[in-house]
1. Taking the Cα centre of segment 19-261 as origin, work out the dipole magnitude from +1 charges on Lys and Arg Cβ and -1 charges on Asp and Glu Cβ, in debye rounded to 20.
2. Using 0.36 nm times the number of residues separating Lys227 and Thr73, minus their current alpha carbon distance, what extension gain do you get?
3. Quick check for you: which residues of segment 230-270 have the amide N under 14 Å from the point 7 Å beyond the Cα of Ser214 toward its beta carbon?
4. Across the Cα atoms of segment 29-99, what radius of gyration and what greatest pairwise Cα-Cα distance (Dmax) are found, in Å?
5. Over segment 170-270, calculate the relative contact order: mean separation of alpha carbon pairs under 8 Å at least 6 apart, over the residue count, as a percent.
6. Count charges around Ala164 for me, please; just the other residues with Cβ under 11 Å from its Cβ, Lys/Arg as +1, Asp/Glu as -1.
7. Please report Rg (one decimal) and Dmax (integer) in Å for the Cα set of the chain.
8. If you line up the Cα atoms of segment 144-214 on their principal axes, what length do they span on each, largest first, in Å?
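Only the coordinates and a few stated rules stand behind these numbers; no lab work does. Values in this document were obtained by computation on a predicted structure and should not be read as measured data. Ideal geometry is used to build each Cβ from the backbone, glycine not excepted, and the neighbour counts take in all protein chains shown.
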Amino acid sequence: MTTRFAVAYRAGMDIQGTSSIVTGGASGLGEATVRRLAQRGARVVVLDMQEEKGEALAKEVGGVFVKADVTKTDEVIAAVEAAKELGPLRSLINCAGIGAASRTIGKDGTYESAFNLDYFAKVIQINLIGTFNCIRLAATAMSLTEPLADNERGAIVNTASLAAFDGQIGQAAYSASKGGVVGMTLPIARDLGVVGIRVNTIAPGLIDTPIYGSGEASEAFKEKLKKDVVFPDRLGKPDEFASLALELVTNSYMNGETIRIDGAARLGPK
C-alpha cells in the first residue's frame, strides 16, 4: 500500500564533510554531541582539558583532540586551525563549563566567610567569557568560508542552564554566568547574521552526566533530584541534549533562540 503523500527531505545546513568544534567535548553533554556530529558526517575537534578521554574519543570518531582552556586565546585559535585542516568550519558547540555552590555570606558573620570573590570571577571567566572567546574566534574562521544556501556559513550552539532562570540557593555565580550566556545569544546572533552565522543556546535541566558520580549514593541523589521533573519521570540523557544541539546546527531557520530541555522542570529554591 502506498501513501498519498511523499515525505520531503528537510532542507538545512549539511554538515557532511565539514568540521566542527565541541568544547568540553571529552565527556558528558560534549561527548554525546561529538558522537552525534560524527554520525552525521562532520569531522570533530574535541576541545577539552581531559587529555586521555579526549584523545580516545577523537580517535574513535575520526576527529582530532586539542587540549585547550577556553579562556586562552592562543589555545582556542589552535583548535580553530585544527578544525580548518579537517574541512570548512561550519559549527561550534560550547559545552565547556564549571559549577559552583556557595552562599553569598557565611554563617559566622565575618567578611572572610562571604562568597570567595576569586572563585566567583573564575566561574564567570570560564562559563561566560570562555564561551564568548570561543564564539568570536570560531566565528571569525566561519566568516571566511564559502556561503551555502541563503548565504549561510555556520552555526553556533551555546550551553546555558535552568539556573539562568531558576537559580537555586548557592548558585549566584553559576546562575550569573549562565544568565550571561542567555543574554548574549540574541545580540551575537544579530552581530553575526551579516555573515550568515546563526547562534542559539540550549538551557538543559537535570541531565544524567558523570558530574553526579556513580554508585548507590549517586543513584539516591539523582532519585531525589528528579522530583522537580514533570515528565518523563527521570533525569535527561546526554544524547537528548545532543539531538537538540544537532537540530540547532542543521535547521537553518533556528536563530537567536534559547531553548529549555528539562522535562518541564521548574526548580525550587533548594
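1. Dipole magnitude for segment 19-261 comes out near 360 debye.
2. 51.4 nm
3. Under cut-off, by backbone N: nothing.
4. 11.2, 33
5. Dividing the mean separation by the residue count of segment 170-270 yields 38 percent.
6. Combined, the nearby Lys, Arg, Asp and Glu give +1.
7. For the chain, the Cα radius of gyration and maximum Cα-Cα distance read 19.2, 77 Å.
8. 45, 27, 16
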